[in-house]
1. For segment 133-149, give me the residue count where each residue is among the hydrophobic types (A, V, I, L, M, F, W, C), at pLDDT below 80 and open to solvent by less than 100 Å² (accessible area, probe 1.4 Å).
2. Taking the criterion of being within 22 Å of Leu24 (Cβ to Cβ), free of Cβ contacts under 8 Å to residues at least 24 places away in the same chain and of a type in the set (Gly, Ala, Ser), would at least one residue in segment 45-57 satisfy it?
3. So, in segment 80-108, of the ones that are among the aliphatic types (A, V, I, L, M) and open to solvent by 70 Å² or more (accessible area, probe 1.4 Å), which residue ends up modelled with the highest pLDDT?
4. Of the residues that sit in segment 146-203 and are among the charged types (D, E, K, R) and outside any loop (DSSP other than H, G, I, E, B), which one is nearest to Ala36 (Cα to Cα)?
Amino acid sequence: MAHKSVISNVLASIIILLRRCIYLILYPYKTMRAIADETDWTQIFLIFGLIAIYYISLVAVKPMIDSPWLQLCLVLFNYTATVLYIAFFGKSLGDDTELRKLLFVFAYALIPTILWFYINTFLYVVIPPPRNLTILGKSFSIVFITLSISLLAWKLILWYLAIRFSTKLKFYDILYITILYIAIVVPYSLFMYHLGFFRIPFI
């Protein structure tokens, strides 16, 4: 009986996760505010389960220097460091920051990143490089760049809303810590790239 209950709870979490992924596109403000009040930790495990599946599957598609589990550990590190970074400034600049809210909203803020990596790998399989400079090749590049920019814009919206609903900070405070975050992430990403861990950080 307990086994059925666990399965039911996981299935319910999967349905909520899928529904919220759609709602984050249609109603990001309302959805992120609801996520900030979430208490179902299974959803976070499911999100990182998607990331684990991606890296495990990637081994069969692209040659990887490091194991998928090491890559997953780096993603967990990036996620934890981001949450702690926002928590630090949230406590410094305000007094309404909850770690639970941060963990949920920033887990869901990874959805655009997850989609981009999955789409990028799918296109790598369907249309592997090198890609010719033909009309079809140029059209593909334009579509891919447009899609990437759209996902980045969505990511920035979720980033802002994640901080807003988990810390209650004002716009200029969020802008300040975001610029500082970028200033830290850029050299960190370059350093990790030179070490051969990843070309684009999973954040």
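The values are calculated or read from the model by the stated rules, or taken from the named source; none is laboratory data. Since we're looking at a predicted model, the values are computed, not measured. No Cβ is skipped: glycine too gets one built from the backbone with ideal geometry, and neighbour counts run over all protein chains shown. These accessible areas exclude ligands, DNA and RNA; they are computed on the full protein's heavy atoms, side chains included. Shrake-Rupley method; radii C 1.70, N 1.55, O 1.52, S 1.80 Å.
1. At the first step, the residues of segment 133-149 found to be among the hydrophobic types (A, V, I, L, M, F, W, C) are 133, 135-136, 140, 142-145, 147, 149.
Next, only the ones that are at pLDDT below 80 stay: 133, 135-136, 140.
Next, from what is left, pick out any that are open to solvent by less than 100 Å² (accessible area, probe 1.4 Å): 140.
Total meeting the criteria: 1.
2. Yes: one or more hits.
3. Of all residues in segment 80-108, those among the aliphatic types (A, V, I, L, M) come to 81, 83-84, 86-87, 93, 99, 102-103, 105, 107.
Then drop every residue that is not open to solvent by 70 Å² or more (accessible area, probe 1.4 Å), which leaves 84, 93, 99.
Details: Leu84: 95, Leu93: 85, Leu99: 90.
Only one residue tops the list, namely Leu84.
4. Pass one, segment 146-203, residues among the charged types (D, E, K, R): 155, 164, 168, 170, 173, 199.
From what is left, the residues that are outside any loop (DSSP other than H, G, I, E, B) are 155, 164, 173.
Working: Lys155: 16, Arg164: 10, Asp173: 19 Å.
Residue satisfying both the conditions and the ranking: Arg164.
Yes/no per residue for (1) at pLDDT below 90; (2) open to solvent by less than 60 Å² (accessible area, probe 1.4 Å):
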site	(1), (2)
Leu18	no, no
Trp41	no, no
Gly49	no, yes
Leu58	yes, yes
Leu110	no, yes
